[in-house]
């Protein structure tokens, strides 16, 4: 079986995306610009680009869809 790996730049983008989504889940009162800057993006548009590439949705669209996941219904929180 062939091993697949991702490069360091893609790994950093995925990690930054994950950090942004966790921050938004922890602090839903923050606007997306604040989330983007705290997660290490240079601006809101860079966050939008990554979210669209990874999910095909807008940040708000993905966040709303993610909040309907069963684990949210059962009260599971971000760690």
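Computed values, structure above
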item: Members of the range 24-38 found to be touching a helix residue (DSSP H, G or I) at 6+ places or on another chain (Cβ under 7 Å), farther than 16 Å from residue 64 by Cβ and surrounded by 15 or more Cβ atoms within 10 Å (Cβ to Cβ), listed by number; result: 36
item: Residues of the range 17-49 satisfying the condition of being within 16 Å of residue 61 (Cα to Cα) and touching a residue at least 40 places away in the same chain (Cβ under 8 Å); result: 21, 22, 25
item: The range 39-56, subset part of a loop (DSSP other than H, G, I, E, B) and in contact with a helix residue (DSSP H, G or I) (Cβ under 7 Å, 6 or more places away or on another chain), residue farthest from residue 13 (Cα to Cα); result: 43
item: Filtered residue count, the range 55-78, keeping only those that are within 19 Å of residue 27 (Cβ to Cβ) and at pLDDT below 75; result: 6
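The values are calculated or read from the model by the stated rules, or taken from the named source; none is laboratory data. The structure presented is a predicted model; accordingly, all values stated were derived computationally and were not measured. When we count neighbours, we look across all protein chains shown, and the Cβ atoms used for this are built from the backbone with ideal geometry, even at glycine.
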